[in-house]
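The block underneath contains the structure these notes are about, expressed in structure tokens.
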Amino acid sequence: MIKKYGPFIFIAAAVCGMRAHAADAYPAYTGYVPVNNYVPANVNVPYVPSTSVTQLAAQIPGSIVAQPRVASTAAAQPTIQYPAQPAARYYEPAAQQDASPPTGGMYIGLSAAYNISLSGGITADYASENGSYAVPGAFQQANLRKDTILPIQISAGGNIGSDFRADLSYTRYSGISYPNTVQTADGIGGFVTASATGGAITANAAMLNVYYNLDSLTGSLGGGAIRPYIGAGAGISVNTISDYVVYDPNYYQFYPDGASLAPGTPAAISDIYAYHAGGTMEQFAYMLEGGVTAAFGGNLLADFFVRYSGLGRVQSSGNITVTQTEWLATELDTIPRPGSLDLHDVTQQYLNWRESGRLGLIDIGVRLRIQF
């Protein structure tokens with residue numbers, strides 16, 4: 001059989017070997033991926049080394065030409081549609097919103113304070129007049145005496161926006177009084193120490209106050225729960241001083257020892273009581289205040305403050321009633337000698353001998369406010 005078909009087998013092998021050799025001769029072209037390069041056996045494709053596989057395949061009827069994968073220098077990128085961004089907004093933290101003091105509505109307040117400084121004193125309005133100290137019990141000057149001063153204030157007002165608030169307040173001051181001792185005239189151009197009692201001083205001030213919150217300048221403190229502020233107020237203060245008594249226990253002799261006096265001549269005085277009538281006057285008053293406001297939840301606020309109050313003058317009525325023991329010469333007409341003086345009490349009244357002083361106080365305290 002081999003001899004019979006030998007020539008055909010030789011020819012087929014030669015043809016297959018040539019085709020395989022031709023396939024190995026093709027170079028590998030990067031970027032080309034043939035999809036189907038089937039070439040029918042009955043088609044004689046001449047070998048052209050300079051012709052690419054794609055060009056050759058295009059000459060073969062029925063062939064499928066592979067498309068080259070050519071990297072594009074401007075490859076189309078997928079378009080991503082983003083949603084429109086809303087306008088920028090500032091969201092305050094919820095904790096700060098909850099902690100911030102309420103900014104609207106009316107409020108009522110009650111405060112208590114403690115006085116840390118009292119300035120001013122009592123002076124004689126008659127100091128420049130001739131014979132100003134001829135009246136027993138008259139004195140030059142004395143500082144006011146301070147007991148525990150606890151001014152109490154009630155107020156009612158409301159907020160004006162977020163930075164301002166205004167209110168009407170009534171404040172009562174007490175615990176101030178005339179000094180315990182004064183330097184009183186001795187009748188011969190000098191002064192001696194005399195005791196004083198009474199003379200309690202009270203002040204009742206009604207003011208219109210305006211406050212400004214400073215947190216817009218200083219920034220929030222404590223998450224917005226603490227707001228520093230300053231305030232000022234003006235109004236009227238009704239100042240009252242009660243009656244007071246100056247007592248001088250000294251013995252004043254008018255003549256030297258051994259002097260001869262006609263019977264009944266006043267020779268000396270002692271035990272002088274000068275009753276000074278009190279007085280009331282209305283004065284312009286003002287206050288300056290600074291502090292911080294703290295929120296305690298709900299509508300309860302607390303102002304921790306330092307306050308200066310200028311309350312004007314307090315003044316006596318000027319009426320002085322003097323009671324003293326008077327010593328008179330007897331028929332023996334010489335002094336001092338037992339039985340040479342006869343004593344009795346006399347009373348004299350003096351008008352328009354006013355004494356006054358200014359009131360300035362620095363307080364620290366706390367004010368509770370309920371806002372509604």
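The values are calculated or read from the model by the stated rules, or taken from the named source; none is laboratory data. All of these numbers come straight from a predicted model, not from anything done at the bench. All Cβ positions, even for glycine, are placed from backbone atoms using ideal geometry, and neighbour counts span all protein chains on display. Remember, those area values only see protein heavy atoms, side chains included, never the ligands or the DNA or RNA. Shrake-Rupley method; radii C 1.70, N 1.55, O 1.52, S 1.80 Å.
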Item to check | Potential extension, Q140-S128 segment - 0.36 nm per residue separation minus Cα distance | outcome: 3.3 nm
Checklist entry - For region 267-277, what does the Karplus curve 6.51 cos²θ - 1.76 cosθ + 1.60, with θ = phi - 60°, yield as ³J(HN,Hα) per residue in whole Hz, taken in order and with x for Gly and Pro? => result 10, 6, 9, 7, 6, 8, 10, 10, 8, 9, 6
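Roughly how many percent of the accessible protein surface of region 119-250 is carbon and sulfur, given a 1.4 Å probe and a whole-percent answer?
Of all accessible area on region 119-250, carbon and sulfur atoms account for 59 percent.
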Next on the checklist: Quick check: pseudo-label points 7 Å beyond the Cα along Cα→Cβ at F164 and Y251, how many nm apart are they?
Outcome noted: 7.1 nm
Next on the checklist: More than 26 angstrom separation, counting every C-alpha pair in region 118-266; what % is that?
Outcome noted: 54 percent
Checklist entry - So for region 181-327, what are the equivalent ellipsoid semi-axes in whole Å, largest first, each being the square root of 5 times an eigenvalue of the Cα gyration tensor? => result 57, 15, 12
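What ranking, highest mean first, results for peptides 107-116, 236-245 when packing means the other Cβ atoms within 10 Å averaged over each residue?
On the way: 107-116: 16.5, 236-245: 20.2.
Order by mean packing, descending: 236-245, 107-116.
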Next on the checklist: Spelling out what I want: for every residue of region 114-120, take phi, set θ = phi - 60°, compute 6.51 cos²θ - 1.76 cosθ + 1.60 (Karplus), and round to whole Hz; glycine and proline get x.
Outcome noted: 10, 7, 10, 7, 10, 10, x
Checklist entry - Which net charge results for the neighbourhood of W353, defined as the other residues with beta-carbon distances under 13 angstrom from its beta-carbon, given Lys and Arg at +1 and Asp and Glu at -1? => result -2
Checklist entry - Amide H to amide H under 5 Å from Q140: which residues, 5+ apart in sequence or cross-chain, H placed 1.01 Å off N in plane? => result Q183
Item to check | Residue-wise HN-Hα coupling along region 345-362, computed from phi with Karplus coefficients 6.51, -1.76, 1.60 (Hz; x: Gly, Pro) | outcome: 8, 10, 10, 10, 10, 10, 10, 6, 10, 7, 10, 8, x, 9, 10, x, 9, 10
Item to check | Förster radius 41 Å - calculated FRET efficiency between S119 and A259 (Cβ-Cβ, nearest 0.05) | outcome: 0.25
